[in-house]
Structures are given as structure tokens and as C-alpha cells.
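Peer 1: Take a look at this one; I'll ask things after.
Taken together, the values in this text are just the output of simple stated rules run on the coordinates, not laboratory data. None of the values given here were measured: they were computed from a predicted structure. When we count neighbours, we look across all protein chains shown, and the Cβ atoms used for this are built from the backbone with ideal geometry, even at glycine.
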Amino acid sequence: MLLSIKEMEVRKLPFAETWKPGELDLSDSGATQTGPLVAKGLAELLPHTGGEVRVKGQVETTLETECDRCLGRATFPIDTPFDLFYKPIESAPTHEEEVAIDEGEAEMGFYELPGLVLEDILREQVLLQLPMQRVCSDACKGICPVCGGNRNETDCHCEVHPGDDRWNSLKNLHIELQ
Ligand SMILES: [Zn+2]
Ligand SMILES: [Zn+2]
């Protein structure tokens, strides 16, 4: 859906849309959308700002990724508000100015005519909600380094000796410190 600047010059643009899994391309994120993605909100051109656009709303969906520890499915229900501001691209800072931008200003996006694509905004907002560590649960025990079994499903009773490299380097460090 195009949030048309021309239309916003006449009226505020409400939106309420649903995208089925697969309709929004999330492929480069490693995540899959498993439930419908529902977004509602309002886009408006702010008066006396030289063309600043505000897009405010709420997006809801469910994403799934591979668990970082056990390679099983990790599910992330997402329900997040957003309140975003965009300036016309002509007012984007040049490279030299960019360095001087403070952190608050860096949150500002830019748009080109004919306007903003709502799907692009939602894709970004949804992916921002994915945690850095994608685990199926905080208690996930991961995969056994000895037999390769999923420790959540079977207790394999393999003995993992604390003789691996990581442990040794810690011991060495300890000796050096003394
Ligand atoms: Zn897991
Ligand atoms: Zn094992």
C-alpha cells in the first residue's frame, strides 16, 4: 500500500490491513511469518514542517526462526506500536552533515515522491523486534556436543569433560595472573 504524499496533502490516511504469510518478503532475515500480519494506524503530513510525515500505528504478527541452540523452531509473537517520522529526501543531510547528526535526529527517515510504501515500514518494524539471540526458550538446553542429540528431547547422559580449549585458556589465564 502506497502512503501517497499527494493524498496526505488533502487528508490524513488511515490504514488497516492484513498480510498473509509470504506476502511480505522477509527472506533475508532468516525469519518466517507464520501468522497473519495485521497493521493499523494513521499516516499524516504534519503542517508547517516542510513536508514531514508521521506514520503511527500498531503491528501484530508471529515470526519463526531456527533456535540458535537446538536448531528447533523458535517462535516470536510480535505486537508492537510504532511512531515514525519521515522528511522529504531533498532535506536529507549531505555526507559531511551526516557526521554531525545527533542520535535523536538519526531516527528520522526520508521519503521520495510519490510517497512511502507501508509494507517496507512494517517489514522493518517487525524485524526490529526479533531478539539478537533467537532461542526457542530461555531454558533451551541446546545440542549435545558429544552425540549431537537434542538435549531438550532426550537426556543422552554423555559426559562432557571440562578439558576443552575454552577451559584450558581460562586456566592459563589464571596462572599468568598469579
Ligand atoms: Zn532451542
Ligand atoms: Zn550426548
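Peer 1: How high is the FRET efficiency from Leu113 to Glu17, r the C-beta distance, R0 30 Å, rounded to 0.05?
Peer 2: Details: r = 22 Å, r/R0 = 0.73.
Computed FRET efficiency for Leu113 and Glu17: 0.85.
Peer 1: How high is the FRET efficiency from Lys6 to Lys56, r the C-beta distance, R0 22 Å, rounded to 0.05? Let's see the in-between values first.
Peer 2: Values: r = 20 Å, r/R0 = 0.91.
FRET efficiency, Lys6 to Lys56: 0.65.
Peer 1: Considering every Cα-Cα pair within region 1-51, what fraction, in whole percent, is farther apart than 12 Å? Kindly include the intermediate steps, with their values, before the conclusion.
Peer 2: Values: 894 of 1275 pairs.
Roughly 70 percent, rounded to a whole number.
Peer 1: Taking amide H positions as placed 1.01 Å from N in the peptide plane, with prolines and chain starts having none, which residues 5 or more places from Lys141, or on another chain, fall under 5 Å of its amide H?
Peer 2: Counting only residues 5 or more places away or on other chains, the set is Asn152.
Peer 1: One quarter of the convex hull surface, Cα atoms only: what value does that give for region 1-141 in nm²?
Peer 2: On the way: hull surface 40.3 nm².
Its Cα hull, projected and averaged over all orientations, spans 10.1 nm².
Peer 1: Another one. I need the phi-derived Karplus couplings for region 51-57: 6.51 cos²θ - 1.76 cosθ + 1.60, θ = phi - 60°, integer Hz, Gly and Pro marked x.
Peer 2: x, 6, 10, 10, 10, 10, x
Peer 1: Calculate, in nm to one decimal, what His48 and Ser137 gain on full extension: separation in residues at 0.36 nm each, minus their alpha carbon distance. Walk me through the intermediate numbers first.
Peer 2: Details: separation 89, 0.36 × 89 = 32.04 nm, distance 4.83 nm.
In short, 27.2 nm is gained.
Peer 1: Can you give the extra length, in nm with one decimal, that the chain gains between Val160 and Ala92 once fully stretched, where that is 0.36 nm per residue apart less the Cα-Cα distance? Present the calculation step by step, with values, prior to reporting the outcome.
Peer 2: Working: separation 68, 0.36 × 68 = 24.48 nm, distance 5.57 nm.
Contour length minus the Cα-Cα distance gives 18.9 nm.
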